[in-house]
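The values are calculated or read from the model by the stated rules, or taken from the named source; none is laboratory data. All figures in this text were calculated on a predicted structure; none of them were measured in a lab. Here the Cβ is made from the backbone with ideal geometry for all residues, glycine too, and neighbour counts use every protein chain on show. SASA here: full protein model, heavy atoms, side chains in, ligands and nucleic acids out. Shrake-Rupley method; radii C 1.70, N 1.55, O 1.52, S 1.80 Å.
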Amino acid sequence: MKKDLLKLLDLTGEEIHEILDVADQLKYDQKHGIPHEHLKGQTLAMIFEKNSTRTRVSFETGMFQLGGHALFLSGKESQIGRGEPIEDTARVLSRYCDGIMIRTFSQEGVEKLAEYADIPVINGLTDFCHPCQVLADLMTVREHKAKLAGLKMCYIGDGNNMANSLIVGGLKCGMAVSVACPEGYDPDPAVLEFAKSEPEFKFELCRDPKQAAAGADVVFTDVWASMGQEGEKAEREKAFAGVYCVDDALMAVTNPGCMVQHCLPAHRGEEITAEVFEAHADEIFDEAENRLHAQKAVMYLLMKKD
Ligand code: CP
Ligand code: NVA
């Protein structure tokens, strides 16, 4: 049966580690010029209903490096933008392509696409989650710290798609996860339910960023207003400004050698100061690079023909 990557809630910790191991190997192969055209002759359709730089370029480049081809379909310019049902798009693309990557608003839409497609579907971001980003994040933390289990991850800011995937991915990999969000901007209830589901999960949701960051080994943050929330910008600024910001004072309560990660794009002076961003730029751009390797691993594992 074909497999998809729709959200990290669907994966076990072992499956996440398997993806990270393959990603490490593919990164090694690429850096050492070792051919790895495992998806020769295959085509990935990439549907974008929201903007992107990293996701588009890393999937397209990744598919090329694996010996395949990726094609870009903009929501607006394809028939999707004129209301063609997702069920029909799924069945049509299944007749031409070998995999589909989709970035859109609704998680339900992605789940429906996967239900009707005969080929693997990969979630490249919805309002609910951003699994490919968090696989790259976990890969980066593991590269820098040589492990995940036992480390403390903290997330400061909006309880958005990034927060949802980080909580699930972090807990499934044995990390302690501490989140600070303003009231009214909590992570998704299904994710909070998941965080309570296993007695060994170490999870904390609080309002005070310093409480969340105390003793952290890696600090994550993301924009206050995500794509699709442009109309709420002013209201969100009021709720977040001056408090939900990764700055030197916040970093002072973390563990020595604490990493900083940001999925990008970053808004300096809002969720992160320019000083903290630049001090951790190498880690943040490693994270961006690892989108390529982590997604190549996902495509390889889902699309390889046995
Ligand atoms: N982090 C991320 O997904 O970046 P893009 O929006 O540029 O794809
Ligand atoms: N939370 C952000 C992530 C961008 C990669 C958004 O959805 O816009």
Seminar exercise, completed: Among helices (runs of 4 or more DSSP H) entirely inside region 175-266, those with 1 or more residues being of a type in the set (D, E, K, R) and without any contact (Cβ under 8 Å) to a residue 12 or more places away in the chain are 189-195, 233-240
Exercise. Looking only at region 64-78, which residues are within 15 Å of ligand 1 (Cβ to nearest atom) and either closer than 30 Å to TYR28 by Cα or part of a helix (DSSP H, G or I) (or both)?
Worked result: ALA70, PHE72
Exercise. Within region 101-137, how many residues are crowded, with 24+ Cβ neighbours inside 10 Å, within 16 Å of ligand 2 (Cβ to nearest atom) and not in a loop (DSSP other than H, G, I, E, B)?
Worked result: 13
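Conditions (1) over 18 Å from the mean Cα position of the chain (by Cα); (2) touching a residue at least 40 places away in the same chain (Cβ under 8 Å); (3) surrounded by fewer than 16 Cβ atoms within 10 Å (Cβ to Cβ); (4) in a helix (DSSP H, G or I), marked per residue:
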position	(1), (2), (3), (4)
HIS17	no, yes, no, yes
GLU37	yes, no, yes, no
GLU60	no, no, no, yes
ILE80	yes, no, no, yes
GLU87	yes, no, yes, yes
Exercise. Would a scan of region 108-130 turn up a residue that is within 14 Å of ligand 1 (Cβ to nearest atom), closer than 16 Å to LEU171 by Cα and of a type in the set (D, E, K, R)?
Worked result: no
Exercise. How many residues does region 146-172 hold that are in contact (Cβ under 8 Å) with a residue 60 or more places away in the chain and within 16 Å of ligand 1 (Cβ to nearest atom)?
Worked result: 8
Exercise. If only one of LYS202, LYS210, LYS238, LYS233 is under 22 Å from VAL134 (Cα atoms) and either open to solvent by less than 50 Å² (accessible area, probe 1.4 Å) or not polar (S, T, N, Q) (or both), which one is it?
Worked result: LYS202
